[in-house]
Amino acid sequence: LPSPIPWPLTQPVTPDLLVSPSSQDGDLGSECPEDRGNWTGRLDFLLSCIGYCVGLGNVWRFPYRAYTNGGGAFLVPYFIMLAICGIPIFFMELSLGQFSSLGPLAVWKISPLFKGVGMGTILIVSLVAIYYNMIIAYVLFYLFASLTSDLPWQHCGNWWNTDLCLDHHVIKAGNNTLPVNISNTVSPSEEYWSRYVLHIQGSSGIGDPGRIRWNLCLCLLLSWTIVYLCILKGVKSSGKVVYFTATFPYLILVMLLIRGVTLEGAWKGIQFYLTPQFDHLLSSKVWIEAALQIFYSLGVGFGGLLTFASYNTFHQNIYRDTFIVTLGNAITSILAGFAIFSILGYMSQELGVPVNQVAKAGPGLAFVVYPQAMTMLPLSPFWSFLFFFMLLTLGLDSQFAFMETIVTAVTDEFPYYLRPKKASFSAVICIALFLMGLILTTEGGMYWLVLLDDYSAGFGLMVVVITTCLVVTRVYGMKRFCRDIQMMLGFKPGPYFRACWMVLSPATMMALLVYNIVKYQPSEYGNYRFPTWAEVLGILMGVLSCLMIPMGMVVAVLQEEGTLWERVQQASRPAMDWGPSLEENRTGVYVASLAGSQSPKPLMVHMRKYGGITSYENTAIEVDREMEEDDEEESM
């Protein structure tokens, strides 16, 4: 006879199958989301999303796009594209993140075959983070330069100025005597930007970067230091910083708007910005421009929204938050247009030239035109400081999101090793990206920045978003996705969202992608045309993020067993531990598995632990029955 079982072992024992690899003490699912962290305040998530979406593009891209594409008439395609493309994709990203509490890589447990989409996202975000922080460094440079009684770009006669430099004060004085021909002249602010800040005359092109500009290098180091200190404790620290960085730009924007509209000639600029030209609506270009503005302004596809939502509680009302953020972002863009064009109207009157001659987009507006306009105002250093401080706060919270996305994605992949060392890992990422960005601080750095800006988040980003949309609706299944949202929010998305996810959003983005490829134009900066090798390098940047998808598929298929088709089918199904991260939220179909465990978790264990089935689970079990019936119908 075998020896009697010792007394301690007669106690109920958790079967080994049910213990996650990391839990030595036998606790079920020891990988708690508490280790991962959550938002600490009610508004942390909402303000982080607003801060992320409302960025530099709202100030320097939207107003220019609006006036070149039909003025006030541009708002028609803008809001239609917001409804078709912006809001539905935004809501989809938030839903995926909140439901799974996972970052942009680990979220592909939803269909491991497509994990390469997550890898593509991380590559795109890393490239964008490198050059976006350089723009913040330029803003810091101008911010410090504004701390003076006389702005350095106000007059000609400095060592960096050329004979072509013409001061606007001279133009004003010249109005009384002889008309001044300004067509072949350069403003002091333009020479300050290109010849002093960038020192671009020291480089002959992208292949000749020249020397490092140490003042820019120190500004870049400072901007990375600020970003690191703000994301040091993950969302616990960045969630508090956004209370300032997401709200303060609105205060400055309103101040600039009030100052702008009270200036002489302001209405000339606003009229130019908003006069509707409805004939533009017949052009496909206007609709594509509207979709592009929505696409980049909301930041869909970069993983930031998904990352932020993954730190939410399971039942947070992201449906309401989606509308608050997307509509708030659109209104901010329109408001920024008034602030910019009222100043440009005043400037055109001062210079005696039409508004379209002073209007620019991108860095040209932020670092040349607007600073020049500031010199024409009384108390110019004060207004200049305010403007650049607004750009700093607008840029920083978008950069927090990029960094949080990269850090969260990698730590969620290796939680046991990296999560306890998150601060050190964040430091390593920041240092690595700072070193990669050093080429942007050289005399030819602007050429590299333009190349990164044009190619890093172009067609690669669109491919990522289209693939995500198709995988969620076609591979994972629209019914299943809607039921997941019902588990979180208590209701299923309506026909509007389902129609957009199934047809309208992917079709619109496909059209965008085709348009981008057909209308491809080589990069240029001013009169400088990029050489062929630089074009090829840029295209490879975009293609590499797309190639991550098939590479991820090959890896996923090799990890499965059986014939090729069986492997593909197995890899496309959700992973065993896909679902809500907290045990109490795992109801119905998700009771069958545990986060952090690769083994099944029988329903009876759940009942024994929690004493029966709750009303939520009753609903979920009914949903399971429905799903089984659906599967049977499909197989027939």
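The values are calculated or read from the model by the stated rules, or taken from the named source; none is laboratory data. Small disclaimer: the values here were computed from a predicted structure and weren't measured. Positions of Cβ are backbone-derived with ideal geometry, glycine not excepted, and every protein chain shown enters the neighbour counts. Protein only, heavy atoms only, side chains kept; ligands, DNA and RNA dropped before computing areas. Shrake-Rupley method; radii C 1.70, N 1.55, O 1.52, S 1.80 Å.
Overview of results
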| quantity | calculated |
| --- | --- |
| In segment 204-244, residue farthest from Ala427 (Cα to Cα) [restricted to those that are among the hydroxyl-bearing types (Ser, Thr, Tyr) and open to solvent by less than 10 Å² (accessible area, probe 1.4 Å)] | Ser238 |
| Elements of type helices (runs of 4 or more DSSP H) contained in segment 1-69, each with 1 or more residues being at pLDDT 50 or above, hydrophobic (A, V, I, L, M, F, W, C) and open to solvent by 20 Å² or more (accessible area, probe 1.4 Å) | 44-53 |
| Total residues in segment 359-372, condition open to solvent by 20 Å² or more (accessible area, probe 1.4 Å) and in contact with a Ser or Thr (Cβ under 7 Å, 6 or more places away or on another chain) | 1 |
| Within segment 499-542, tally of residues that are open to solvent by less than 50 Å² (accessible area, probe 1.4 Å) and of a type in the set (D, E, K, R) | 1 |
| Condition broken by Ser237, with the remaining ones in (1) without any contact (Cβ under 8 Å) to a residue 24 or more places away in the chain; (2) over 20 Å from the mean Cα position of the chain (by Cα) satisfied | (2) |
| Positions within segment 543-586 being hydrophobic (A, V, I, L, M, F, W, C) and closer than 23 Å to Ser95 by Cα, in sequence order | Ile549, Ala571, Ala575, Met576, Trp578, Leu582 |
| Index of the failed condition, Phe338 passing every other in (1) over 15 Å from Tyr132 (Cα atoms); (2) open to solvent by less than 30 Å² (accessible area, probe 1.4 Å); (3) of a type in the set (Phe, Trp, Tyr) | (2) |
| Enumeration of residues in segment 101-135 that are outside any helix (DSSP H, G or I), within 14 Å of Thr468 (Cα to Cα) and in contact with a Pro (Cβ under 9 Å, 6 or more places away or on another chain) | Ser111 |
| Residue within segment 529-552 that is of a type in the set (Ser, Thr, Tyr), touching a helix residue (DSSP H, G or I) at 6+ places or on another chain (Cβ under 6 Å), touching a residue at least 24 places away in the same chain (Cβ under 8 Å) and assigned to a helix (DSSP H, G or I) present | yes |
| Where Arg586 falls short, out of the listed (1) in contact with a Gly (Cβ under 8 Å, 6 or more places away or on another chain); (2) open to solvent by 20 Å² or more (accessible area, probe 1.4 Å); (3) modelled with pLDDT of 80 or more | (2) |
| Meets criteria (crowded, with 24+ Cβ neighbours inside 10 Å and either over 19 Å from the mean Cα position of the chain (by Cα) or of a type in the set (Asp, Glu) (or both)) for Ile110 | yes |
| Phe497 vs. criteria aromatic (Phe, Trp, Tyr) and part of a helix (DSSP H, G or I) | yes |
| Helices (runs of 4 or more DSSP H) wholly inside segment 441-491 containing at least 1 residues that are without any contact (Cβ under 8 Å) to a residue 40 or more places away in the chain, open to solvent by less than 20 Å² (accessible area, probe 1.4 Å) and not hydroxyl-bearing (Ser, Thr, Tyr) | 478-489 |
| Some residue of segment 242-249 being in contact with a helix residue (DSSP H, G or I) (Cβ under 7 Å, 6 or more places away or on another chain), under 24 Å from Val369 (Cα atoms), of a type outside the set (Gly, Ala, Ser) and touching a residue at least 60 places away in the same chain (Cβ under 8 Å) | yes |
| Filter result for Val605 (surrounded by 13 or more Cβ atoms within 10 Å (Cβ to Cβ), modelled with pLDDT under 80 and more than 36 Å from the chain's Cα centre (by Cα)) | yes |
| Residue within segment 422-438 that is of a type in the set (D, E, K, R), in a helix (DSSP H, G or I) and surrounded by fewer than 16 Cβ atoms within 10 Å (Cβ to Cβ) present | no |
| Leu558 vs. criteria exposed (fewer than 15 other Cβ atoms within 10 Å of the Cβ) and either of a type in the set (A, V, I, L, M) or within 18 Å of Val471 (Cβ to Cβ) (or both) | yes |
| Meets criteria (open to solvent by less than 60 Å² (accessible area, probe 1.4 Å) and touching a residue at least 60 places away in the same chain (Cβ under 8 Å)) for Ser187 | yes |
| Residue list for segment 373-392, restricted to those being in contact (Cβ under 8 Å) with a residue 60 or more places away in the chain and either crowded, with 22+ Cβ neighbours inside 10 Å or closer than 15 Å to Thr262 by Cβ (or both) | Met374, Thr375, Met376, Leu377, Trp383, Ser384, Phe387, Phe388, Met390, Leu391 |
| Residue match in segment 258-271 (condition: among the β-branched types (Val, Ile, Thr), at pLDDT 90 or above and under 28 Å from the mean Cα position of the chain (by Cα)) | no |
